[in-house]
Structure formats: C-alpha cells, structure tokens
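S.K.: Have a look at this one.
What follows is calculated from the coordinates using simple rules that are stated; it is not laboratory data. Since the structure is predicted, the reported quantities are computational estimates derived from the model, not experimental observations. In this analysis, Cβ positions are derived from the backbone assuming ideal geometry, glycine residues included, and neighbour counts consider all displayed protein chains.
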Amino acid sequence: MITLTGNTLTLQEMKEVLFNGQKVRASEESMEAAQKSREAVERIVSDKRIIYGINTGFGKFSDVLIDQEDVQDLQLNLIRSHACGVGEPFPEVVARAMVLLRANALLKGYSGIRPMVIERLIELVNKHIVPVIPQQGSLGASGDLAPLSHLALVLVGEGEVFYKGSRMDALTALQMEGISPITLEAKEGLALINGTQAMTAMGVVGYLEAEQLAYESELIASMTIEGLNGIIDAFAEEVQTARGYQQQIDTAARIRKYLSDSLLTTMQGELRVQDAYSLRCIPQVHGATWQALDYVKEKLEIEMNAATDNPLIFDNGEKVISGGNFHGQPIAFAMDFMKIAVAEMANISERRIERLINPQLNDLPPFLSPEPGLQSGAMIMQYAAASLVSENKTLAHPASVDSIPSSANQEDHVSMGTIASRHAYQIIQNTRRVLAIEMICAMQAVEHRGIEKMATHTKHFYEKGREQVASIKQDRIFSKDIEKLAEWLKTIEFSQFMKDLSFEKGSN
C-alpha cells in the first residue's frame, strides 16, 4: 500500500501502483489539511468574499460575479465546457496516473476541495476505473484544462471510462462498483482541472519506459561490440574519469562488466587501431542521455508533489492568492529535453545497425544474409530504423518554444508541455523499435562469430532474445520480429536483470 501525503510521492512508487498492482491511500495528516482548506472555502462563501474561481467566472470572465445559489452550476458548467479534448485517448496507464497525481496534489491542502472528492479519486485508482481522456487539446497553461476536465466528468457520472476491458459510460461503471456520482461544490471543479497532471502523467510513464530502454540500449550495444569485434580499450575507467561525467563513467562501467569475459572483443591494434564513433563513443553519448534523464527525473518528482491549481489557499483562508503554478513550463522543458536525449539513443543505434550490415564496414556476410543476393537478410530493417530515426528528428523539435495566446489574451503565454510529453512518448516507442532492430542484427552477428565466445551476460541476454526471435535462416516477414522483440523489451522486468548483475544506478 502506497501512502499519499501530497509531498513524498516518488517515481518508484508510481511504478509500483501503475505496473505492479499496489493500491494507494491518503495519510490522515494530509486529509486533515484538505479538510481545513475546505473549511476556509466555506467561510469565504458564507462571508460573501469575492474570490476568483469560488464565486467568479473563469479566465477572461474572472470579473463576472456569481450568485451563491449558482455556485454548483458554475462548477458543473466549467467541467462540461472545458471537456474539449480531441483525438485518440491517452493510454490507460497514463490516464490512471493522472487520477493518482491529481489526488496527490489536492492532498497538499492548498486547494479547498472536500476530502470526499479526493477519496473518490483514490477509489478510481484502486478499482481501475480509468477515465477516457483524449490526448489533444491542452495548451499546458492554465494547466491541462481539457484533459483534466474529461477526468473530472467521471466524478459527476458523465463522460466515459475504461473498466474491466471495456469502454463504457462512466455512470455505468460507477454503478457497477456501487459508487454514487458527486455534486461539485464551490471551487471544486476548478481545483480538479487547474493543474499539470496530464503532461506530468505522460512524462512519468514516458520516463519509466525511457529509463529501462536506456539500460537495455547499453546491453544491446555490448552485443553489437561483440558482433563487430569492438575494441574494449575505449571503455577503460581512466578514460572516463579523465573527463569527469559520472553518467559516462557509469555507462562504461556497466559495459565493461557486461563484456568482462568476452572472447569476441579486441584490444587496440589487434585488428584495428580505433573503432568508429558509434562504438567508441557509447559512454559519451549514452552517458549524456543519462544526464538528461536524471534532469527529467528530478523535475518530475518535484511536479508530482506540487500544488499546481489556482487560486491557492493559505493561512486558513486569510490568504487566497491567484498565481501561476499551473503553468507547465518546467515540465515542457524537461519533456523536450527527454525527446532529444532518447532520439539520440536511436540515432547512434541506427549507425551501429549500419556497421553490422554494411559489407564495406565489416567482415560479416553482406546484410547478415544467409544467402547474399538470393536473400536480402537485414537490408530493409536498416531502412525501417532510418525512417524511425528521421521521424524522431521531427518529433524532437521543441514544443516549448511555441506559444499561442488564449482566453481573449488573458492567458497570453502557454507552455505546450502536454504536446512535448506526447511527442516524447512517441519517440520512446520509435527508439525501442530501432533498438529491437539493432538487437536482431547483433544476435545474427554474434552467431557468425561464435556464441560460445560471448561474454556470460551478453550470452544470457542473447538466449532470452532468441526465445523471442529466431535466427535468420531464410528471409521472412521481419516486421513481426521487430514488433515482437520491441514488445518484449517494453515488458521485460529488466530491473531484476540489473539486480542480478549487482548494478544500481550510479554504481561501478
């Protein structure tokens, strides 16, 4: 059971809930803080103080006062009118992460929402009632208004959900679980939709996949080094420490361990003096990707525990301040950084694929073909990798450099962070397929060299890979192999493999 406090949620805990079946609950202290914040809102309403979002309109309508008897209609109208998302739904795991993150943010006690609403969000998480939330339509300030409105609709018994393998009306799923829809009170609609939880949830799921992929890329690259009789000297510890980047040092250390007893690697001058950059510079390039991912992780874990709605309530309601914590710029930058970093993993991987299949660059069978000429072997797999890499380059264009004013120019600078997070996720999927292609080619190359000469760790990985994709003895529909291996790389419990190797991030 993961306890939510509003302040302590980690990426590892998110992983436990989203992928390992852990349930969540709210701490008593955080629920008490939420209750006090709610009482402050009720005093404001009772005293007829004029506070944005409690008894006023929204955005450009912030100067329009709302009668007390219309407050419930104001909140429901807000949710309905802002549910303007379009396109395909977010993956279920991302939508579920949104619900979890919104509950955690509200538990900070600055939002003025009733504890029962937070309890309902937690109930959706634990009972796997997942809102159907369209991916497109958010500017990333004032938060993720459209996506979070689709989330909030479920609480009032409207919209759609994924439940028990089906897509259905939210009210139907709620009734199946014996849950009654709620009526939103003053400020609650605004508290539910002012926030960065769509971009953050997409970022969290993307980061967790990217982190695993970064580790896998090093092991796949190690197999490629064996397939090309790569020079191990370039990974020497003193080379890495001479530059000083810890992530570079760690990457090289993992590769040295993977290849520690390999009979397929060479020393400089044995076959050639230097390898191409795509082999020799793996610690420098992959290490730089790790630097970016470390930055992304830091920003995500701050945002996961941030109060990002507006206005925020302080000092038991004595201070109610309209600010801009809903602005997604920090996450927008982080997502754009992750896009570039992961795209480069694919970029260098595709260059290694070329070195594995190009007969002018190696002494392996041309295109790793079992019968060169009659059979094309891996020739067109490199085309597919090149296409994915090129697509990544367009997706890696930073979304955060764009802004279009909205709400009659009241909201005149926005982050586009949700677009950045969506594009980052697509780049991760593309990169995994490129690495799957590299692994297929690397497995074929080490077979030619002699798998009995492989290092213990890479041979184990090779054997697991061969359970997914057979050796190329005859041309076949390689699309199926690529997709199967990519899916395996996505679902493999790689952290256990790392644990077996006694690797923790940052260790040598």
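S.K.: Cα-Cα over 26 Å: which of Lys299/Lys339; Lys36/Lys164; Lys453/Lys490; Lys453/Lys473; Lys23/Lys299? Working shown, then result.
M.R.: Details: Lys299/Lys339 15 Å; Lys36/Lys164 36 Å; Lys453/Lys490 28 Å; Lys453/Lys473 21 Å; Lys23/Lys299 24 Å.
Listed pairs above 26 Å: Lys36/Lys164; Lys453/Lys490.
S.K.: So what is the diffusion coefficient of segment 203-500 in µm² per second by Stokes-Einstein at 10 °C and 1.306 mPa s, using a Kirkwood Rh over Cα pairs?
M.R.: Roughly 77 µm²/s, to the nearest whole number.
S.K.: Compute the acute angle (0 to 90°) between the alpha-carbon long axis of helix 246-258 and the principal axis of greatest extent of the alpha-carbon atoms of the chain; round to the nearest 10°.
M.R.: Once rounded, the angle reads 50 degrees.
S.K.: Mind sorting Asp63, Asp250 by how few other Cβ atoms lie within 10 Å of their own Cβ, fewest first?
M.R.: The most exposed by this proxy come first: Asp63, Asp250.
S.K.: Can you tell me the length gained on complete extension of the stretch His413 to Tyr383, counting 0.36 nm per residue apart and subtracting the Cα distance? Kindly include the intermediate steps, with their values, before the conclusion.
M.R.: Details: separation 30, 0.36 × 30 = 10.80 nm, distance 4.03 nm.
Gain in length upon complete extension: 6.8 nm.
S.K.: Out of the DSSP beta bridges found with both residues in the chain, what percent are antiparallel (nearest 5)?
M.R.: 70
S.K.: While we're on this one: Can you give the helix-only mean residue ellipticity at 222 nm for the chain, where every DSSP H stretch with n ≥ 4 adds -39500 (n - 2.57) and the sum goes over all residues, rounded to the nearest 500 deg cm²/dmol?
M.R.: Theoretical 222 nm ellipticity from helices: -18000 deg cm²/dmol.
S.K.: I need the phi-derived Karplus couplings for segment 165-179: 6.51 cos²θ - 1.76 cosθ + 1.60, θ = phi - 60°, integer Hz, Gly and Pro marked x.
M.R.: x, 10, 9, 8, 4, 4, 4, 4, 5, 4, 5, 4, 9, x, 9
S.K.: Report the calculated FRET efficiency for Gln360 and Tyr295 (r = Cβ-Cβ distance, R0 = 56 Å), to the nearest 0.05. Write down the numbers at each step before the final one.
M.R.: Details: r = 39 Å, r/R0 = 0.69.
After rounding to 0.05, the efficiency reads 0.90.
S.K.: Name the long-range amide H neighbours of Val414: under 5 Å, sequence gap of 5 or more, or other chain; modelled H, no Pro or chain starts.
M.R.: Ile404
S.K.: If you count the DSSP beta bridges with both ends in segment 2-195, what percent of them are antiparallel, to the nearest 5?
M.R.: So the antiparallel bridges amount to about 75 percent of the total.
S.K.: What is the distance in Å between the Cα centres of segment 392-429 and segment 12-83?
M.R.: The distance from the Cα centre of segment 392-429 to that of segment 12-83 comes to 26 Å.
S.K.: Here's something else I'd like to know. Would you mind giving the average projected area, over all directions, of the Cα convex hull of segment 102-151 in nm² with one decimal?
M.R.: Orientation-averaged projected area of the Cα hull: 3.9 nm².
S.K.: With r defined as the distance between the Cβ atoms of Arg476 and Arg272 and R0 fixed at 41 Å, what FRET efficiency is calculated, to the nearest 0.05?
M.R.: 0.75
S.K.: In degrees from 0 to 90, rounded to the nearest 10, what is the angle of the helix 329-357 Cα long axis to the longest principal axis of the chain?
M.R.: 20
S.K.: Could you list Ile255, Ile50 in order of exposure, starting from the residue whose Cβ has the fewest other Cβ atoms within 10 Å? Each step should come with its number before you reach the end.
M.R.: Numbers: Ile255 23, Ile50 11.
By the 10 Å Cβ count, ascending, the order reads Ile50, Ile255.
S.K.: Let me ask something else about it. Summing +1 for each Lys or Arg and -1 for each Asp or Glu, what net charge is found among the other residues whose Cβ lies under 12 Å from the Cβ of Val117?
M.R.: +1
S.K.: Provide the packing ranking of 367-380, 322-335, 202-215, i.e. peptides ordered by the mean count of other C-beta atoms within 10 Å per residue, highest first. Don't skip to the end; give the middle numbers.
M.R.: Details: 367-380: 16.6, 322-335: 22.1, 202-215: 24.3.
Sorting 367-380, 322-335, 202-215 by mean packing, highest first, produces 202-215, 322-335, 367-380.
S.K.: ³J(HN,Hα) across segment 384-401 via Karplus (A = 6.51, B = -1.76, C = 1.60, θ = phi - 60°), whole Hz, x for Gly/Pro?
M.R.: 4, 4, 4, 5, 5, 5, 5, 4, 4, 5, 6, 5, 6, 4, x, 6, 5, 7
S.K.: Related question: Treating the angle as unsigned and between 0 and 90°, give the value, to the nearest 10°, between the Cα long axis of helix 71-82 and the longest Cα principal axis of the chain.
M.R.: The angle comes out at about 30 degrees.
S.K.: Give me the aspartates and glutamates in straight-line cross-link reach of Lys48: C-alpha distance below 16 Å, same-chain residues under 8 apart excluded.
M.R.: Glu39, Asp63, Asp67, Glu69, Asp70, Glu185, Glu318
S.K.: What is the set of long-range amide H partners of His327 at a cut-off below 5 Å, with H atoms built 1.01 Å from backbone N?
M.R.: Under 5 Å from the amide H of His327 lie the amide H atoms of Gly143, each far enough along the sequence or on another chain.
S.K.: Using the Karplus curve 6.51 cos²θ - 1.76 cosθ + 1.60 with θ = phi - 60°, what ³J(HN,Hα) values do you get for each residue of segment 410-424, in whole Hz, with x for Gly and Pro?
M.R.: 5, 9, 9, 8, 10, 9, 6, x, 6, 4, 4, 5, 5, 5, 4
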